[in-house]
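Step one of this worksheet: look at the structure below.
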Amino acid sequence: MLFNLKEAIEILERTPKTLEAMLSGLTSDWLQSNEGEDTWNVAEVVDHLIECDKTNWIPRMESILNDEEMKHFPPFDRFSLLNGQESKTIKQALQEFASLREHNVTKLKERYTSDRLLNLRGIHPEFGEVKLRELLATWVVHDLTHISQIVRVMAKRYQTDVGPWEAYLSILKNK
């Protein structure tokens with residue numbers, strides 16, 4: 001299956017709405033639970049998505065599209081959310097994410113003028129040469145990965161409470 005921008009945008013536009021529907025109005029017990037030491041809670045996953053939309057996807061896309069020759073991607077710290085950022089409510093975080101995402105999808109639509117751009121390349125600090133199509137596909141799968149992570153973290157909050165049904169609940173077996 002080849003990357004399709006229209007399909008990608010279908011997911012990118014829905015992620016903030018999905019998270020809003022899932023997380024708005026939940027108690028802090030749901031939002032602060034995690035899977036143990038060195039794992040993220042639900043609120044931290046949302047903060048990570050915000051940081052990615054601020055400093056990862058569009059800057060790297062711009063790096064690929066703005067240069068005649070391949071250029072190294074701007075740095076991105078996947079764990080910057082853990083560096084004591086100001087605390088915000090989940091409602092504020094979801095609103096910020098939705099606003100950033102709307103801006104970024106608009107920017108993507110403006111800059112993506114032809115399928116020929118999909119094979120343009122940039123240099124990732126860990127992977128080396130990567131294509132725009134790979135970056136954009138990763139953005140979509142990254143969203144889906146973190147939605148899955150949020151659901152898994154929330155399910156594991158009741159792992160011991162489900163009793164013998166745990167045997168039938170595959171979400172409780174994955175980490």
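Details
- Meets criteria (under 23 Å from Ser28 (Cα atoms), crowded, with 18+ Cβ neighbours inside 10 Å and not hydroxyl-bearing (Ser, Thr, Tyr)) for Asp161: no
- Odd one out for Tyr112 among (1) more than 16 Å from Leu12 (Cβ to Cβ); (2) over 18 Å from the mean Cα position of the chain (by Cα); (3) buried (at least 16 other Cβ atoms within 10 Å of the Cβ): (1)
- Qualifying residue in the stretch 133-146 (condition: surrounded by 18 or more Cβ atoms within 10 Å (Cβ to Cβ) and farther than 17 Å from Asp53 by Cβ): yes
- Within the set Leu120, Leu135, the sole residue that is out of contact with any Ser or Thr (no Cβ under 9 Å at 6 or more places or on another chain) and under 23 Å from Glu13 (Cα atoms) turns out to be Leu135.
- Every condition in (1) surrounded by fewer than 18 Cβ atoms within 10 Å (Cβ to Cβ); (2) at negative phi; (3) not hydrophobic (A, V, I, L, M, F, W, C) holds for Gly128 except the one numbered (2).
- Unique match (being modelled with pLDDT under 95, surrounded by 16 or more Cβ atoms within 10 Å (Cβ to Cβ) and farther than 21 Å from Lys156 by Cα) among Phe73, Phe79: Phe73
- The requirement of being over 30 Å from Gly122 (Cβ atoms) and touching a residue at least 60 places away in the same chain (Cβ under 8 Å) is satisfied by Thr39.
- Those residues of the stretch 3-41 which are outside any loop (DSSP other than H, G, I, E, B) and crowded, with 16+ Cβ neighbours inside 10 Å, in sequence order: Leu5, Ala8, Ile9, Leu12, Thr15, Pro16, Leu19, Glu20, Leu23, Trp30, Leu31
- Leu49 meets the conditions (1) in contact with a helix residue (DSSP H, G or I) (Cβ under 7 Å, 6 or more places away or on another chain); (2) modelled with pLDDT of 95 or more; (3) more than 16 Å from Leu100 (Cα to Cα) in every case but one. The failed one is (3).
The values are calculated or read from the model by the stated rules, or taken from the named source; none is laboratory data. This one's a predicted model, so the numbers in the text were calculated from it and none came from an experiment. Glycine also receives a Cβ, built like all others from the backbone with ideal geometry; neighbour counts cover every protein chain displayed.
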